[in-house]
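What follows is a short report on a single structure.
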Amino acid sequence: MKKTQALAAFGALSQETRLDIFRRLIREFPEPMAAGDIAAALDVPSSTLSTHLAILARAGLVKSERQGRAIHYRADTEGARDLLGFLVKDCCRGQPEICQPLVAAANPACC
């Protein structure tokens, strides 16, 4: 991941509603959510939600797929992994045992 891509992802996640959307989609992963379900779950107007989802998609954190007339969204775990990798790429001067708590936190027991 390049620095510009990381900055776009951080910028997207630095807004409260977008962070809530991303966390909700991560919680539901791998199942997609319809835009209307996301809006209802987070109490966000549909018009506002579409703007937030577009920003998250451009940042590489959300993917969409059309199913009939509805658009379903899911977290882009590859984009999230790339962002985490960017953050810790140079961690611990090549001593992975020092980074173990960080790796453990990024890999919750459910996964």
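Quick check on segment 61-101: of everything there that is assigned to a strand (DSSP E or B) and among the hydroxyl-bearing types (Ser, Thr, Tyr), which residue is nearest to the chain's Cα centre (by Cα)? The residue in question is TYR73. Summed over segment 75-101, the residues that are surrounded by 14 or more Cβ atoms within 10 Å (Cβ to Cβ) and either touching a Phe, Trp or Tyr at 6+ places or on another chain (Cβ under 9 Å) or modelled with pLDDT under 75 (or both) give a count of 4. Residues in segment 32-60 that are part of a loop (DSSP other than H, G, I, E, B) and either of a type in the set (Val, Ile, Thr) or touching a strand residue (DSSP E or B) at 6+ places or on another chain (Cβ under 7 Å) (or both) were compared, and the one that is nearest to ASP76 (Cα to Cα) is PRO32. Out of ALA57, ALA35, one residue alone is within 14 Å of the chain's Cα centre (by Cα) and either at negative phi or modelled with pLDDT of 95 or more (or both). It is ALA57. Annotation for segment 31-51: at least one member residue is aliphatic (A, V, I, L, M), without any contact (Cβ under 8 Å) to a residue 24 or more places away in the chain and loosely packed, with under 15 Cβ neighbours inside 10 Å.
The values are calculated or read from the model by the stated rules, or taken from the named source; none is laboratory data. For clarity, every value in this text was computed on a predicted model and none was experimentally measured. Heads up, the Cβs are rebuilt from the backbone with ideal geometry, glycines too, and the neighbour counts pull from every protein chain shown.
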